[in-house]
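The values are calculated or read from the model by the stated rules, or taken from the named source; none is laboratory data. Values in this document were obtained by computation on a predicted structure and should not be read as measured data. In this analysis, Cβ positions are derived from the backbone assuming ideal geometry, glycine residues included, and neighbour counts consider all displayed protein chains.
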Amino acid sequence: MDPGRAQELLARERARIEGSLRGLSSDSGKRDEEDPTDPGDPAEDLFEAERDEGLRERVQAELDAIERAERRLAEGTYGLSVESGRPIPDARLEVVPWAERTVEEESAAG
């Protein structure tokens, strides 16, 4: 894949993911600012807090993967599997620009 195209894809995904992280942080702040006299449903609050934490972890993991992909791009190894060194097809990188393995390797990894 052309390095310029890779950089464009990674920058777009970084902006999207950072926006998602900001949105998750601001949503939790809004719940904290709700009417303090309203006891609400503690189980629902716990469920939402756990769900939000899971989403934050997933989004943070994607951001971490983008940072690794940016390092590989700078090192000249972007587009090569970190496992086998085989090329990752451009079609896969268009969909998942932070892909670290081929589809077959990813499937085998579980």
Over region 72-94, the set of residues surrounded by fewer than 14 Cβ atoms within 10 Å (Cβ to Cβ), under 12 Å from residue 3 (Cα atoms) and without any contact (Cβ under 8 Å) to a residue 60 or more places away in the chain is 74, 75, 76, 77
Among the residues of region 62-110, what is the count of those that are under 17 Å from residue 9 (Cα atoms) and among the β-branched types (Val, Ile, Thr)? 5
Please enumerate the residues belonging to region 18-65 that are assigned to a helix (DSSP H, G or I), at pLDDT below 85 and among the hydroxyl-bearing types (Ser, Thr, Tyr). 25, 26, 28
Contact list, first residue from region 7-21 and free of Cβ contacts under 8 Å to residues at least 60 places away in the same chain and farther than 16 Å from residue 55 by Cα, second anywhere and polar (S, T, N, Q) and in a helix (DSSP H, G or I), beta-carbon distance below 9 Å, six or more apart or interchain, is none
Could you please find all residues in region 95-110 being without any contact (Cβ under 8 Å) to a residue 60 or more places away in the chain and not charged (D, E, K, R)? 95, 96, 99, 102, 103, 107, 108, 109, 110
